[in-house]
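One structure is given here, and the rest of the page talks about it.
The values are calculated or read from the model by the stated rules, or taken from the named source; none is laboratory data. Small disclaimer: the values here were computed from a predicted structure and weren't measured. Please note: Cβ atoms are built from the backbone with ideal geometry, for glycine as well, and neighbour counts cover all protein chains shown. Surface areas here come from the heavy atoms of the whole protein model, side chains and all, with no ligands, DNA or RNA. Shrake-Rupley method; radii C 1.70, N 1.55, O 1.52, S 1.80 Å.
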Amino acid sequence: MSDFARRIPKAELHVHIEGTLEPELMFELAQRNGLTLPYLSAQAAREAHTFQNLQAFLDLYYAGCSVLRTEGDFFELTRAYLARAAGQGVRHAEVFFDPQTHTVRGVPMEAVVHGIQRALQEGEARFGISSRLILCFLRHLPEQAADQTLDQALALGNAITAVGLDSSEAGNPPSRFQRVFERAADAGLLAVAHAGEEGPPEYIWEALDLLHARRIDHGVRCARDERLMERLADEQVPLTICPLSNVKLRVFASLEQHNLRWLLERGLLVTVNSDDPAYFGGYVADNFEAVEEALGLDQDQVVTLAKNSFLASFLTPDEKARQLQEVDRFNAQASSKTTS
Ligand code: HPA
Ligand code: ZN
């Protein structure tokens with residue numbers, strides 16, 4: 001198989017930076033910070049990565065986060081992600097982070113934000129990857145905790161482009177966070193939200209109508225609501241789909257049964273992303289290759305997915321146009337090679 005899907009220029013719009021913590025770095029940071037992990041080795045940690053559902057994953061993910069203590073830890077984490085992303089055709093990354101899982105452990109918000117930000121700036125100089133930072137509120141905690149987190153983030157200036165909503169979805173509807181999203185919008189921040197991963201289509205409606213989300217993270221359960229499908233297609237609301245994540249967390253029984261191709265062919269603005277690649281067995285190009293093969297996508301569909309990733313991004317219209325030209329150039333070069 002060609003490496004077309006691997007190399008095509010793309011944006012990553014759904015990656016939790018804490019979910020890029022590979023077991024080897026987890027062990028290194030644990031040792032440096034004087035912590036013990038519940039695994040004997042990095043290999044044993046990797047073998048523990050089988051999950052019955054989202055909550056089972058989150059329990060391990062938050063335990064893994066506990067090794068991140070200093071600004072330097074967040075810098076190294078983010079630098080390692082960008083080095084991997086560069087090898088996967090990533091030209092632009094909109095990165096989620098979960099400050100509440102760190103601030104409750106006494107890590108200052110500044111250490112988290114500055115560590116990530118410094119690595120993102122270095123990544124732009126070193127790999128030419130542009131970026132945005134998206135602060136996610138943990139939806140299993142009260143809205144009041146999200147309010148405090150927003151205040152802490154706003155005090156750091158304009159490091160953040162958007163707010164998001166993640167963690168345990170079932171029983172934690174977007175409507176519980178309407179006020180804090182309003183405050184974020186008043187401060188000039190954009191909005192996205194995880195909805196319709198395990199939760200019902202109603203949560204996607206709420207994310208759109210109450211939180212004014214510009215993109216829906218996952219969103220695959222929209223397929224259960226025809227009126228919602230029509231709205232998502234009409235308004236070209238992007239879905240940031242994470243195929244390998246969906247199989248690992250049993251949202252779909254197998255990649256072959258994933259609805260990504262069907263949503264794409266119904267005219268929805270579908271993108272492919274990695275979510276928590278250190279836990280789900282693949283970075284973004286690995287996700288592209290996996291769906292290309294399992295769903296039998298043709299080259300035009302891979303190009304559409306790559307273009308959608310830039311169209312759905314928070315880049316300026318000029319930056320989008322430049323990136324779309326890069327996709328066209330790559331496609332033209334690849335086509336001329338196969339015909340010559
Ligand atoms: N879903 C919800 N919350 C998350 C995820 C996810 O896949 N990854 C990290 N936090
Ligand atoms: Zn996610």
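Structural remarks
- Each of K248, K10 has its accessible area taken with a 1.4 Å probe; listed largest first, they run K248, K10.
- Each principal axis of region 208-340 carries a Cα extent, and these read 48, 33, 28 Å when sorted largest first.
- Taking each DSSP H run with n ≥ 4 as -39500 (n - 2.57) and averaging over every residue of the chain yields -15500 deg cm²/dmol at 222 nm.
- Where a label projected 7 Å from the Cα of N158 along Cα→Cβ would reach, residues of region 314-340 with amide N under 14 Å: 316
- Per residue accessible area in Å² of the chain, where ligands, DNA and RNA are left out and the probe is 1.4 Å: 40 Å²
- Size of charge dipole - region 30-121 - debye, nearest 20, with Cβ of Lys, Arg +1 and Asp, Glu -1, no other charges: 220 debye
- With N as its number of residues, region 132-269 has a Cα radius of gyration that, divided by 2.2 N^0.38 Å, comes to 1.05.
- Dividing the Cα radius of gyration of region 194-275 by 2.2 N^0.38 Å, with N the residue count, gives 0.98.
- The Cα center of region 277-340 and the Cα center of region 186-254 differ in position by 21 Å.
- Neighbourhood net charge (10 Å Cβ-Cβ; Lys/Arg +1, Asp/Glu -1) for G196: -4
- Rough spin-label spacing in nm, given labels placed 7 Å along Cα→Cβ, for E226 and L60: 4.0 nm
- Region 2-339, accessible surface, carbon-and-sulfur percent (1.4 angstrom probe): 48 percent
- For the set I17, I160, the ranking by accessible area, highest first and with no ligand, DNA or RNA atoms included, is I160, I17 under a 1.4 Å probe.
- Kirkwood estimate for region 2-339, i.e. one over the average of 1/r between Cα atoms, Å: 20.0 Å
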